[in-house]
Each structure stands twice: as structure tokens, then as C-alpha cells.
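Q: Let me begin by handing over the structure; questions about it come next.
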Amino acid sequence: MFRRREPVPFAFIAEADKFRSNVTPPPRERASASQILGRTLIGLTVVAGLVGSLIFGMPAMSADQSPAHQQQSEAAEGR
């Protein structure tokens, strides 16, 4: 890609460095009570889901040290 080099007056560059806009952005709208409540409920739902999956997943991830309970099929009982 080739850049187009055009002569730019130095005064223009100097003005661009110190240019400040005098236009202020509009103030942000405050969230209504229903929006805050909705966001809070969504956050609590996500946190509850993560905590629930952790609680239900911990027994599955734990290494069972006692081999006392072994699963046997009904076919193995007849032998």
C-alpha cells in the first residue's frame, strides 16, 4: 500500500494538537428502578447457577477413597 504524501501546512498541524472541543456530551441517563432490579436479578441468577453447579459437581469430581461400594450387574450375581 502506498501512502499519498501531500504537503500540509505546519500551522494546521500545530492547531490540531491544541484543538479542544467546546461541545459537551449529553449527561448519561440514570437507570430506572426496574432496570436496576432486572440487572440485579440477572446477576443473582448467574451467580446462583455457578454456585449450584459447583455444589452438585463437587461430589462427581471428588476421588472416592473407599472402594467398599462396587457396582455389579445382575448377570454377575448369578455366577
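Rule-based calculations on the coordinates, nothing more; no lab input. Values in this document were obtained by computation on a predicted structure and should not be read as measured data. Don't worry about glycine lacking a Cβ; one is built from the backbone with ideal geometry, like all the others, and counts go over all protein chains shown.
Q: How large is ³J(HN,Hα), in whole Hz, for each residue of region 30-46 in order, when computed from phi with the Karplus curve 6.51 cos²θ - 1.76 cosθ + 1.60 and θ = phi - 60°, using x for Gly and Pro?
A: 6, 6, 6, 5, 5, 5, 5, 4, x, 5, 5, 5, 5, x, 5, 5, 5
Q: Okay, next question. Full extension from Leu41 to Met58: what is 0.36 nm times the residue separation minus their Cα-Cα distance, to one decimal in nm?
A: 3.6 nm
Q: Pop a pseudo-label 7 angstrom from the Cα along the beta-carbon direction at both Ala31 and Val51 and give the gap in nm to one decimal.
A: 2.0
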